[in-house]
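Here is the structure we will look at, set down as C-alpha coordinates.
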Amino acid sequence: MSPSDLVIRAPYVVTCDDAMTVIENGAVAARDGRIVAVGPAAAIPIVGAELIEAKGRILMPGLINMHCHAGDSLFRGLVENLPLEPWLQTVWKAERAILRPTTCRLGAELGLAELLLSGVTTVMDMFWFPEETVRAAKALGIRVATGGIFFDPPGMDGHLADRRLADATAFFDAVEDEPLIFAGCLPHGTYTVSPQHLQNAARLSRSRGGFWCTHAAETAAEQATIIERYGRRVITHLAELDLLGPDVVLAHCVHLDTAEIDLLAASGTHVVHNPMSNLKLASGFAPVPALLAAGVNVTLGTDGAISGNDLDMWLAIRLAATLHKAATGNAAAVTTAEALAMATRNGARALNAADRLGSIEPGKAADFILVDIGRPHAAPLFDPVTHLVYSAGRGDVTDVFVGGRRVVEAGRLLTADVGALVAAADALRPAIAASVV
Ligand SMILES: [Zn+2]
(Lines give C-alpha, C1' and ligand atoms only; values in the text may rest on other atoms or scores of the structure.)
Protein backbone atom coordinates (compact mmCIF):
# COMPACT_ATOMS: atom_id res chain seq x y z
CA MET A 1 0.00 0.00 0.00
CA SER A 2 1.29 3.50 -0.87
CA PRO A 3 2.22 5.79 2.02
CA SER A 4 -0.25 8.60 2.69
CA ASP A 5 -0.13 12.12 4.07
CA LEU A 6 -3.80 12.39 5.04
CA VAL A 7 -6.18 9.83 6.53
CA ILE A 8 -9.82 10.59 7.31
CA ARG A 9 -11.90 8.17 9.34
CA ALA A 10 -15.68 8.41 9.36
CA PRO A 11 -18.60 6.27 10.57
CA TYR A 12 -19.75 6.07 6.94
CA VAL A 13 -17.85 6.45 3.69
CA VAL A 14 -20.33 6.82 0.82
CA THR A 15 -18.03 6.11 -2.12
CA CYS A 16 -20.43 6.80 -5.02
CA ASP A 17 -18.60 4.08 -6.96
CA ASP A 18 -20.40 1.95 -9.57
CA ALA A 19 -22.11 -0.14 -6.90
CA MET A 20 -22.75 2.90 -4.64
CA THR A 21 -20.72 1.10 -1.96
CA VAL A 22 -21.05 2.37 1.61
CA ILE A 23 -18.29 1.46 4.06
CA GLU A 24 -19.26 1.53 7.72
CA ASN A 25 -16.46 2.70 10.03
CA GLY A 26 -14.38 3.46 6.98
CA ALA A 27 -11.31 5.49 6.14
CA VAL A 28 -9.80 7.17 3.13
CA ALA A 29 -6.08 7.80 2.70
CA ALA A 30 -4.68 10.40 0.31
CA ARG A 31 -1.24 11.44 -0.84
CA ASP A 32 -0.20 14.36 -3.03
CA GLY A 33 -3.84 15.19 -3.68
CA ARG A 34 -4.86 11.68 -4.78
CA ILE A 35 -6.73 8.92 -3.01
CA VAL A 36 -4.40 5.99 -2.32
CA ALA A 37 -6.62 3.73 -0.21
CA VAL A 38 -10.27 3.29 0.77
CA GLY A 39 -11.61 0.66 3.14
CA PRO A 40 -12.53 -0.27 6.70
CA ALA A 41 -10.69 2.03 9.13
CA ALA A 42 -8.89 -0.91 10.69
CA ALA A 43 -7.30 -1.73 7.32
CA ILE A 44 -5.92 1.76 6.57
CA PRO A 45 -2.54 2.51 8.24
CA ILE A 46 -2.00 6.06 9.47
CA VAL A 47 1.76 6.03 9.98
CA GLY A 48 3.19 9.45 9.11
CA ALA A 49 -0.16 10.84 8.00
CA GLU A 50 -2.32 13.63 9.39
CA LEU A 51 -5.34 11.89 10.90
CA ILE A 52 -8.78 13.48 10.84
CA GLU A 53 -11.36 11.70 12.99
CA ALA A 54 -14.62 12.73 11.34
CA LYS A 55 -16.85 11.55 14.15
CA GLY A 56 -20.57 11.88 13.40
CA ARG A 57 -19.93 12.70 9.76
CA ILE A 58 -20.43 11.04 6.38
CA LEU A 59 -17.40 11.17 4.08
CA MET A 60 -18.40 11.36 0.42
CA PRO A 61 -17.10 12.73 -2.88
CA GLY A 62 -17.42 16.45 -3.57
CA LEU A 63 -20.52 17.33 -5.58
CA ILE A 64 -20.28 18.18 -9.28
CA ASN A 65 -22.61 20.98 -10.40
CA MET A 66 -22.84 20.65 -14.18
CA HIS A 67 -24.73 23.83 -15.02
CA CYS A 68 -24.16 27.19 -13.41
CA HIS A 69 -23.71 30.88 -14.12
CA ALA A 70 -21.90 31.80 -10.90
CA GLY A 71 -21.49 35.46 -11.83
CA ASP A 72 -25.25 35.85 -12.13
CA SER A 73 -25.38 35.66 -8.33
CA LEU A 74 -25.19 39.46 -8.45
CA PHE A 75 -28.73 39.51 -9.89
CA ARG A 76 -30.32 37.08 -7.43
CA GLY A 77 -33.94 38.03 -6.82
CA LEU A 78 -33.94 40.88 -9.35
CA VAL A 79 -36.25 39.48 -12.04
CA GLU A 80 -39.16 37.40 -10.85
CA ASN A 81 -42.40 35.74 -11.94
CA LEU A 82 -41.69 35.62 -15.67
CA PRO A 83 -41.25 32.70 -18.08
CA LEU A 84 -37.84 32.24 -19.71
CA GLU A 85 -38.17 34.41 -22.81
CA PRO A 86 -39.32 37.77 -21.32
CA TRP A 87 -37.25 36.95 -18.22
CA LEU A 88 -34.10 36.69 -20.37
CA GLN A 89 -34.73 40.08 -21.98
CA THR A 90 -34.72 41.77 -18.55
CA VAL A 91 -31.76 39.71 -17.32
CA TRP A 92 -29.73 40.70 -20.38
CA LYS A 93 -30.59 44.37 -19.82
CA ALA A 94 -29.23 44.17 -16.27
CA GLU A 95 -26.16 42.17 -17.34
CA ARG A 96 -25.34 44.66 -20.08
CA ALA A 97 -25.45 47.57 -17.62
CA ILE A 98 -23.48 45.94 -14.81
CA LEU A 99 -21.06 43.35 -16.13
CA ARG A 100 -17.40 44.31 -16.50
CA PRO A 101 -14.35 42.16 -15.71
CA THR A 102 -14.34 43.43 -12.10
CA THR A 103 -18.03 42.74 -11.48
CA CYS A 104 -17.78 39.34 -13.18
CA ARG A 105 -14.90 38.49 -10.85
CA LEU A 106 -16.96 39.56 -7.82
CA GLY A 107 -20.02 37.63 -8.98
CA ALA A 108 -17.91 34.55 -9.68
CA GLU A 109 -16.26 34.69 -6.25
CA LEU A 110 -19.64 35.11 -4.57
CA GLY A 111 -21.11 32.16 -6.48
CA LEU A 112 -18.08 29.91 -6.12
CA ALA A 113 -17.90 30.65 -2.38
CA GLU A 114 -21.54 29.57 -2.07
CA LEU A 115 -20.77 26.40 -4.02
CA LEU A 116 -17.69 25.42 -1.98
CA LEU A 117 -19.49 26.02 1.32
CA SER A 118 -22.23 23.65 0.16
CA GLY A 119 -19.82 20.87 -0.81
CA VAL A 120 -19.44 21.44 -4.55
CA THR A 121 -15.85 20.77 -5.65
CA THR A 122 -16.35 20.98 -9.44
CA VAL A 123 -18.69 23.22 -11.41
CA MET A 124 -19.38 23.78 -15.11
CA ASP A 125 -19.90 27.51 -15.50
CA MET A 126 -21.09 29.54 -18.51
CA PHE A 127 -20.52 33.27 -18.17
CA TRP A 128 -19.09 36.45 -19.65
CA PHE A 129 -15.37 37.09 -19.13
CA PRO A 130 -14.66 33.42 -18.32
CA GLU A 131 -11.03 34.34 -17.58
CA GLU A 132 -12.38 36.14 -14.49
CA THR A 133 -14.19 32.95 -13.45
CA VAL A 134 -10.85 31.14 -13.77
CA ARG A 135 -9.12 33.74 -11.56
CA ALA A 136 -11.87 33.40 -8.98
CA ALA A 137 -11.71 29.58 -9.11
CA LYS A 138 -7.94 29.54 -8.63
CA ALA A 139 -8.20 31.96 -5.70
CA LEU A 140 -10.93 29.95 -3.99
CA GLY A 141 -9.61 26.49 -4.88
CA ILE A 142 -12.54 24.95 -6.79
CA ARG A 143 -12.44 23.04 -10.09
CA VAL A 144 -14.23 24.85 -12.91
CA ALA A 145 -15.18 23.75 -16.41
CA THR A 146 -15.63 26.88 -18.51
CA GLY A 147 -14.56 28.59 -21.70
CA GLY A 148 -15.49 30.97 -24.46
CA ILE A 149 -19.10 32.09 -24.79
CA PHE A 150 -20.70 32.13 -28.25
CA PHE A 151 -23.63 34.53 -28.64
CA ASP A 152 -24.65 36.20 -31.91
CA PRO A 153 -26.30 39.38 -30.59
CA PRO A 154 -23.86 41.97 -29.17
CA GLY A 155 -22.54 40.42 -25.96
CA MET A 156 -22.63 41.74 -22.41
CA ASP A 157 -18.81 41.87 -22.64
CA GLY A 158 -19.12 44.38 -25.52
CA HIS A 159 -17.76 41.84 -28.02
CA LEU A 160 -19.42 41.07 -31.36
CA ALA A 161 -20.02 37.59 -32.78
CA ASP A 162 -17.09 37.81 -35.20
CA ARG A 163 -14.50 37.79 -32.43
CA ARG A 164 -15.99 34.99 -30.33
CA LEU A 165 -13.86 32.30 -31.95
CA ALA A 166 -10.66 34.25 -31.29
CA ASP A 167 -11.72 34.85 -27.67
CA ALA A 168 -12.46 31.16 -27.20
CA THR A 169 -9.15 30.13 -28.77
CA ALA A 170 -7.27 32.52 -26.49
CA PHE A 171 -9.06 30.98 -23.52
CA PHE A 172 -7.82 27.49 -24.42
CA ASP A 173 -4.27 28.84 -24.73
CA ALA A 174 -4.46 30.68 -21.41
CA VAL A 175 -5.58 27.73 -19.26
CA GLU A 176 -3.60 24.94 -20.91
CA ASP A 177 -1.60 24.14 -17.77
CA GLU A 178 -4.16 25.00 -15.12
CA PRO A 179 -4.84 21.89 -13.00
CA LEU A 180 -8.22 23.13 -11.70
CA ILE A 181 -9.64 24.12 -15.08
CA PHE A 182 -11.49 22.11 -17.74
CA ALA A 183 -11.65 24.13 -20.95
CA GLY A 184 -14.42 24.01 -23.52
CA CYS A 185 -16.72 26.11 -25.69
CA LEU A 186 -20.11 27.27 -24.44
CA PRO A 187 -22.44 28.63 -27.10
CA HIS A 188 -25.55 30.03 -25.43
CA GLY A 189 -28.23 28.18 -27.40
CA THR A 190 -29.54 27.21 -30.81
CA TYR A 191 -31.90 30.23 -30.78
CA THR A 192 -29.12 32.77 -30.08
CA VAL A 193 -26.24 31.26 -32.09
CA SER A 194 -26.24 30.48 -35.83
CA PRO A 195 -25.53 26.95 -37.09
CA GLN A 196 -22.20 28.12 -38.49
CA HIS A 197 -21.08 29.65 -35.18
CA LEU A 198 -22.24 26.57 -33.26
CA GLN A 199 -20.09 24.45 -35.56
CA ASN A 200 -17.10 26.81 -35.31
CA ALA A 201 -17.26 26.38 -31.53
CA ALA A 202 -17.37 22.59 -31.86
CA ARG A 203 -14.48 22.51 -34.33
CA LEU A 204 -12.41 24.44 -31.81
CA SER A 205 -13.39 22.41 -28.73
CA ARG A 206 -12.87 19.12 -30.59
CA SER A 207 -9.47 20.19 -31.91
CA ARG A 208 -8.41 21.01 -28.33
CA GLY A 209 -9.96 17.96 -26.64
CA GLY A 210 -12.43 20.12 -24.73
CA PHE A 211 -16.14 19.90 -24.03
CA TRP A 212 -18.97 21.67 -25.89
CA CYS A 213 -21.98 22.83 -23.88
CA THR A 214 -25.17 24.67 -24.70
CA HIS A 215 -28.70 25.25 -23.40
CA ALA A 216 -31.04 22.94 -25.32
CA ALA A 217 -34.78 22.24 -25.39
CA GLU A 218 -35.37 24.23 -22.22
CA THR A 219 -38.85 25.50 -23.13
CA ALA A 220 -41.70 24.75 -25.48
CA ALA A 221 -41.24 28.23 -26.99
CA GLU A 222 -37.60 27.39 -27.83
CA GLN A 223 -38.70 24.22 -29.64
CA ALA A 224 -41.30 26.27 -31.57
CA THR A 225 -38.68 28.88 -32.55
CA ILE A 226 -36.23 26.28 -33.87
CA ILE A 227 -38.96 24.38 -35.74
CA GLU A 228 -40.06 27.64 -37.36
CA ARG A 229 -36.52 28.71 -38.21
CA TYR A 230 -34.99 25.41 -39.33
CA GLY A 231 -37.92 23.06 -39.82
CA ARG A 232 -36.73 20.58 -37.19
CA ARG A 233 -36.68 20.12 -33.43
CA VAL A 234 -33.75 21.29 -31.29
CA ILE A 235 -32.00 17.95 -30.75
CA THR A 236 -32.51 16.92 -34.38
CA HIS A 237 -31.08 20.31 -35.39
CA LEU A 238 -27.97 19.61 -33.27
CA ALA A 239 -27.70 16.07 -34.68
CA GLU A 240 -27.90 17.37 -38.27
CA LEU A 241 -25.07 19.81 -37.48
CA ASP A 242 -22.95 16.96 -35.99
CA LEU A 243 -23.25 18.61 -32.58
CA LEU A 244 -24.11 15.56 -30.47
CA GLY A 245 -21.61 13.17 -28.95
CA PRO A 246 -19.69 12.20 -25.81
CA ASP A 247 -17.99 15.64 -25.75
CA VAL A 248 -21.38 17.42 -25.69
CA VAL A 249 -23.19 18.57 -22.54
CA LEU A 250 -26.75 19.85 -22.99
CA ALA A 251 -28.33 21.87 -20.21
CA HIS A 252 -32.06 21.34 -19.48
CA CYS A 253 -33.51 19.00 -22.18
CA VAL A 254 -37.00 19.54 -20.76
CA HIS A 255 -39.01 19.31 -23.99
CA LEU A 256 -37.97 16.16 -25.88
CA ASP A 257 -39.83 13.70 -28.04
CA THR A 258 -38.85 10.02 -28.12
CA ALA A 259 -36.81 10.45 -31.30
CA GLU A 260 -34.74 13.14 -29.57
CA ILE A 261 -34.20 10.93 -26.50
CA ASP A 262 -33.01 8.17 -28.84
CA LEU A 263 -30.59 10.60 -30.55
CA LEU A 264 -29.14 11.64 -27.19
CA ALA A 265 -28.72 8.03 -26.10
CA ALA A 266 -27.22 6.77 -29.37
CA SER A 267 -24.70 9.63 -29.53
CA GLY A 268 -23.56 9.44 -25.89
CA THR A 269 -24.55 13.07 -25.32
CA HIS A 270 -24.71 14.16 -21.66
CA VAL A 271 -27.74 15.95 -20.19
CA VAL A 272 -27.83 18.36 -17.23
CA HIS A 273 -31.07 18.32 -15.27
CA ASN A 274 -31.78 21.64 -13.50
CA PRO A 275 -34.98 20.95 -11.57
CA MET A 276 -35.13 24.15 -9.51
CA SER A 277 -34.65 26.44 -12.50
CA ASN A 278 -37.17 24.47 -14.56
CA LEU A 279 -39.75 24.69 -11.76
CA LYS A 280 -39.32 28.39 -11.06
CA LEU A 281 -39.31 29.55 -14.70
CA ALA A 282 -42.25 27.25 -15.41
CA SER A 283 -40.18 25.54 -18.10
CA GLY A 284 -41.65 22.11 -17.35
CA PHE A 285 -40.59 18.67 -16.15
CA ALA A 286 -37.60 17.10 -17.87
CA PRO A 287 -38.28 13.45 -18.86
CA VAL A 288 -35.55 12.19 -16.54
CA PRO A 289 -36.94 8.66 -16.01
CA ALA A 290 -37.20 8.20 -19.80
CA LEU A 291 -33.67 9.55 -20.31
CA LEU A 292 -32.31 7.18 -17.66
CA ALA A 293 -34.22 4.25 -19.16
CA ALA A 294 -32.73 5.05 -22.56
CA GLY A 295 -29.24 5.00 -21.07
CA VAL A 296 -28.52 8.74 -21.29
CA ASN A 297 -25.96 10.04 -18.80
CA VAL A 298 -28.00 12.49 -16.71
CA THR A 299 -26.12 14.95 -14.50
CA LEU A 300 -27.37 17.68 -12.17
CA GLY A 301 -27.08 21.45 -12.05
CA THR A 302 -28.38 24.46 -10.19
CA ASP A 303 -28.40 26.89 -13.14
CA GLY A 304 -27.66 30.47 -12.04
CA ALA A 305 -28.85 32.09 -8.82
CA ILE A 306 -30.82 34.46 -11.02
CA SER A 307 -33.20 31.64 -12.03
CA GLY A 308 -33.09 29.23 -9.06
CA ASN A 309 -32.19 32.00 -6.60
CA ASP A 310 -29.38 30.00 -5.04
CA LEU A 311 -26.76 27.42 -6.04
CA ASP A 312 -27.97 24.61 -3.81
CA MET A 313 -27.03 21.20 -5.22
CA TRP A 314 -28.67 19.44 -2.27
CA LEU A 315 -31.99 20.93 -3.32
CA ALA A 316 -31.27 19.75 -6.88
CA ILE A 317 -30.57 16.23 -5.61
CA ARG A 318 -33.75 16.12 -3.56
CA LEU A 319 -35.89 17.51 -6.37
CA ALA A 320 -34.35 15.08 -8.89
CA ALA A 321 -35.32 12.22 -6.59
CA THR A 322 -38.83 13.45 -5.82
CA LEU A 323 -40.49 15.50 -8.54
CA HIS A 324 -40.39 12.72 -11.17
CA LYS A 325 -42.24 10.47 -8.75
CA ALA A 326 -45.13 12.95 -8.70
CA ALA A 327 -44.84 13.80 -12.40
CA THR A 328 -45.04 10.13 -13.48
CA GLY A 329 -47.22 8.74 -10.69
CA ASN A 330 -44.49 6.21 -9.92
CA ALA A 331 -43.05 6.36 -6.38
CA ALA A 332 -40.04 4.32 -7.55
CA ALA A 333 -39.04 6.75 -10.32
CA VAL A 334 -35.42 8.00 -9.93
CA THR A 335 -33.86 6.02 -7.08
CA THR A 336 -31.73 7.59 -4.36
CA ALA A 337 -28.65 5.93 -5.88
CA GLU A 338 -29.50 7.42 -9.29
CA ALA A 339 -30.01 10.90 -7.83
CA LEU A 340 -26.72 10.81 -5.91
CA ALA A 341 -24.86 9.49 -8.96
CA MET A 342 -26.22 12.41 -11.01
CA ALA A 343 -24.59 14.83 -8.56
CA THR A 344 -21.24 13.02 -8.45
CA ARG A 345 -19.99 10.29 -10.80
CA ASN A 346 -22.24 11.16 -13.76
CA GLY A 347 -20.85 14.69 -13.78
CA ALA A 348 -17.32 13.33 -13.83
CA ARG A 349 -18.24 11.18 -16.83
CA ALA A 350 -19.69 14.19 -18.66
CA LEU A 351 -16.38 16.00 -18.10
CA ASN A 352 -14.49 13.02 -19.54
CA ALA A 353 -12.93 12.79 -16.07
CA ALA A 354 -14.47 9.57 -14.76
CA ASP A 355 -10.97 8.25 -14.16
CA ARG A 356 -10.14 11.22 -11.91
CA LEU A 357 -13.30 12.57 -10.26
CA GLY A 358 -16.78 11.66 -9.07
CA SER A 359 -16.20 8.89 -6.55
CA ILE A 360 -13.97 7.88 -3.67
CA GLU A 361 -11.72 5.27 -5.25
CA PRO A 362 -7.94 4.79 -5.27
CA GLY A 363 -6.25 6.82 -8.00
CA LYS A 364 -8.88 9.56 -8.08
CA ALA A 365 -8.42 13.13 -6.88
CA ALA A 366 -8.87 13.68 -3.16
CA ASP A 367 -12.03 15.75 -3.66
CA PHE A 368 -14.29 14.90 -0.75
CA ILE A 369 -16.61 16.43 1.81
CA LEU A 370 -17.82 15.75 5.33
CA VAL A 371 -21.55 15.86 6.10
CA ASP A 372 -22.71 16.20 9.72
CA ILE A 373 -25.11 13.46 10.84
CA GLY A 374 -25.15 14.42 14.51
CA ARG A 375 -28.28 16.49 14.03
CA PRO A 376 -31.98 15.86 14.75
CA HIS A 377 -32.88 15.45 11.07
CA ALA A 378 -30.27 12.68 10.74
CA ALA A 379 -31.53 10.38 13.50
CA PRO A 380 -32.15 7.53 13.31
CA LEU A 381 -30.04 6.86 10.26
CA PHE A 382 -30.87 3.56 8.55
CA ASP A 383 -29.27 4.20 5.18
CA PRO A 384 -26.70 6.97 4.51
CA VAL A 385 -27.64 7.27 0.81
CA THR A 386 -31.32 7.77 1.67
CA HIS A 387 -30.32 10.35 4.26
CA LEU A 388 -28.07 12.27 1.85
CA VAL A 389 -30.77 12.43 -0.84
CA TYR A 390 -33.92 13.11 1.19
CA SER A 391 -32.84 14.69 4.50
CA ALA A 392 -29.40 16.26 4.24
CA GLY A 393 -28.86 19.87 3.22
CA ARG A 394 -26.02 22.21 2.48
CA GLY A 395 -25.95 23.43 6.10
CA ASP A 396 -24.75 19.95 7.04
CA VAL A 397 -21.51 20.24 5.02
CA THR A 398 -18.71 20.94 7.50
CA ASP A 399 -15.49 20.33 5.56
CA VAL A 400 -14.48 20.35 1.91
CA PHE A 401 -11.27 19.09 0.33
CA VAL A 402 -10.21 19.71 -3.28
CA GLY A 403 -7.20 17.73 -4.44
CA GLY A 404 -6.38 16.95 -0.80
CA ARG A 405 -6.38 20.65 0.18
CA ARG A 406 -8.88 21.62 2.85
CA VAL A 407 -10.77 24.68 1.59
CA VAL A 408 -13.69 24.58 4.04
CA GLU A 409 -13.14 23.73 7.70
CA ALA A 410 -15.94 23.52 10.26
CA GLY A 411 -18.25 25.42 7.90
CA ARG A 412 -15.76 28.24 7.25
CA LEU A 413 -14.29 29.00 3.84
CA LEU A 414 -10.51 29.21 4.24
CA THR A 415 -9.73 30.69 0.82
CA ALA A 416 -11.81 33.90 0.74
CA ASP A 417 -13.15 36.59 3.03
CA VAL A 418 -16.85 35.81 2.76
CA GLY A 419 -17.85 38.89 4.75
CA ALA A 420 -15.98 41.13 2.33
CA LEU A 421 -17.61 39.41 -0.67
CA VAL A 422 -21.07 39.89 0.78
CA ALA A 423 -20.34 43.54 1.56
CA ALA A 424 -19.00 44.18 -1.95
CA ALA A 425 -22.08 42.57 -3.54
CA ASP A 426 -24.36 44.60 -1.31
CA ALA A 427 -22.52 47.81 -2.23
CA LEU A 428 -23.45 47.14 -5.87
CA ARG A 429 -27.13 46.68 -5.04
CA PRO A 430 -28.33 50.23 -5.91
CA ALA A 431 -26.64 50.15 -9.31
CA ILE A 432 -28.00 46.67 -10.06
CA ALA A 433 -31.52 47.66 -8.99
CA ALA A 434 -31.34 50.78 -11.19
CA SER A 435 -30.24 48.71 -14.21
CA VAL A 436 -33.73 47.27 -14.79
CA VAL A 437 -35.76 50.40 -14.10
ZN1 LIG B 1 -28.31 28.24 -17.83
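The values are calculated or read from the model by the stated rules, or taken from the named source; none is laboratory data. Keep in mind that this is a model prediction, so the values were computed, not measured. With ideal geometry, Cβ positions are generated from the backbone for all residues, glycine too; neighbour counts draw on all protein chains shown. Note: areas computed on protein heavy atoms with side chains; ligands, DNA, RNA excluded. Shrake-Rupley method; radii C 1.70, N 1.55, O 1.52, S 1.80 Å.
When we screen A137, A108 for residues that are without any contact (Cβ under 8 Å) to a residue 40 or more places away in the chain and closer than 26 Å to P61 by Cα, the only hit is A108. Does segment 27-64 hold any residues that are open to solvent by 10 Å² or more (accessible area, probe 1.4 Å) and either of a type in the set (K, R) or under 30 Å from V249 (Cβ atoms) (or both), and which are they? R31, D32, G33, R34, V38, K55, R57 - these are the residues of segment 27-64 that are open to solvent by 10 Å² or more (accessible area, probe 1.4 Å) and either of a type in the set (K, R) or under 30 Å from V249 (Cβ atoms) (or both). Of P61, P45, P11, P40, which residue is of a type outside the set (D, E, K, R) and at pLDDT below 95? Result of the check over P61, P45, P11, P40: P45. Residues that are among the acidic types (D, E) and within 15 Å of S277 (Cβ to Cβ) within segment 206-262 comprise E218, E222, listed in sequence order. Listed by first and then second residue, the pairs with beta-carbon distance under 7 Å, at least 6 apart or on different chains, first residue in segment 149-175 and without any contact (Cβ under 8 Å) to a residue 24 or more places away in the chain and under 14 Å from P101 (Cβ atoms), second outside any helix (DSSP H, G or I) and open to solvent by less than 50 Å² (accessible area, probe 1.4 Å), are D167/G148; D167/H159. Screening L311 against (1) hydrophobic (A, V, I, L, M, F, W, C); (2) in contact with a Cys (Cβ under 8 Å, 6 or more places away or on another chain); (3) assigned to a helix (DSSP H, G or I) leaves a single unmet condition, (3). Would you confirm whether or not segment 6-26 contains a residue that is farther than 30 Å from F151 by Cβ, open to solvent by less than 10 Å² (accessible area, probe 1.4 Å) and assigned to a loop (DSSP other than H, G, I, E, B)? Yes, that holds for at least one residue. Taking (1) closer than 23 Å to D72 by Cβ; (2) of a type in the set (D, E, K, R); (3) in contact (Cβ under 8 Å) with a residue 12 or more places away in the chain in turn, E361 satisfies each apart from (1).
Is there a residue in segment 178-201 that is in contact with a Ser or Thr (Cβ under 8 Å, 6 or more places away or on another chain), of a type in the set (S, T, N, Q) and in contact (Cβ under 8 Å) with a residue 24 or more places away in the chain? Yes - at least one qualifying residue is present in segment 178-201. A Cβ distance below 9 Å, combined with a sequence gap of six or more or placement on separate chains, defines the contacts here; from segment 58-69, residues that are touching a residue at least 12 places away in the same chain (Cβ under 8 Å) reach residues that are of a type in the set (F, W, Y) and within 16 Å of the ligand (Cβ to nearest atom) in the pairs C68/F127; H69/F127.
Taken over segment 204-218, residues that are touching a Gly at 6+ places or on another chain (Cβ under 7 Å) and assigned to a loop (DSSP other than H, G, I, E, B) amount to 1. Being among the hydrophobic types (A, V, I, L, M, F, W, C), out of contact with any His (no Cβ under 7 Å at 6 or more places or on another chain) and open to solvent by 20 Å² or more (accessible area, probe 1.4 Å) holds for only one residue in L291, L315, and it is L315.
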